[in-house]
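Data block below; observations after.
Values quoted throughout were computed directly from the atomic coordinates according to the rules given, and no laboratory measurement underlies them. Just so it is clear, the structure is predicted and the values come from calculations on it, not from any experiment. When we count neighbours, we look across all protein chains shown, and the Cβ atoms used for this are built from the backbone with ideal geometry, even at glycine.
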């Protein structure tokens, strides 16, 4: 307990690394590099990689953890789960069918309303460690700091623009007028979506 008026929430704490238990370091390295994950460093017996657009990396190596190889389950966030799944399959990865969480639990297919946080698909590495793809198109309020929007890949930015275009089309239907300042509306929508604040109507 803090005695000087500070709390653990008064400073940033960002997850930097997740340890993945593997049985064969070179085999795991080849698999993850094949996914397009950037190879960061390879000190003796260790491998660190970072998925595209991720602020958190994975680390594996000999005698790094006592966890059983294949026992890990982690989440990978994507903005378009169908595109992500198709890209993984094209890279030779076996990915299960997409499913969503509905009122009665798990159901087949992407969420019909494309609700954020609701659509999933899973794949495994050679040891059986599970990676769950989760589609997130807008963050919950307060989930991330209200900072300027940033898009780390072309696909992520393109997806945000498509969602803004669709929402703007509904906006013009409601107003019954063509919006000549649509770039500003797009920008406001995209900033609000990424920050998890109220979307423009």
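Overview of values
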| read-out | value |
| --- | --- |
| With Cα atoms, 0 to 90° folded angle of helix 81-90 axis to the chain main axis | 40 |
| For the chain, built as a Gaussian network whose Cα springs stay under 10 Å, the top-fluctuating residue of 34, 94, 55 | 55 |
| Span per principal axis, largest first, for the Cα atoms of segment 90-201 (Å) | 53, 31, 30 |
| Antiparallel content of DSSP bridges confined to the chain, in %, to 5 | 70 |
| Cα-based helix-to-principal-axis angle, 154-175 vs the chain, degrees rounded to 10 | 20 |
| Cα-based convex hull volume of the chain per residue, rounded to whole Å³ | 186 |
| Whole-number percent relative contact order across the chain, with pairs defined as alpha carbons under 8 Å at least 6 apart | 17 |
| Segment 13-73: relative contact order in percent, alpha carbon pairs under 8 Å with at least 6 residues between | 42 |
| Peptide ranges 119-130, 66-77, 18-29 listed from the most packed, as the mean C-beta count within 10 angstrom indicates | 119-130, 18-29, 66-77 |
| Cα centroid separation - segment 148-186 against segment 25-78, whole Å | 35 |
| For segment 36-149: Kirkwood Rh in Å [reciprocal of mean 1/r, alpha carbons] | 15.9 |
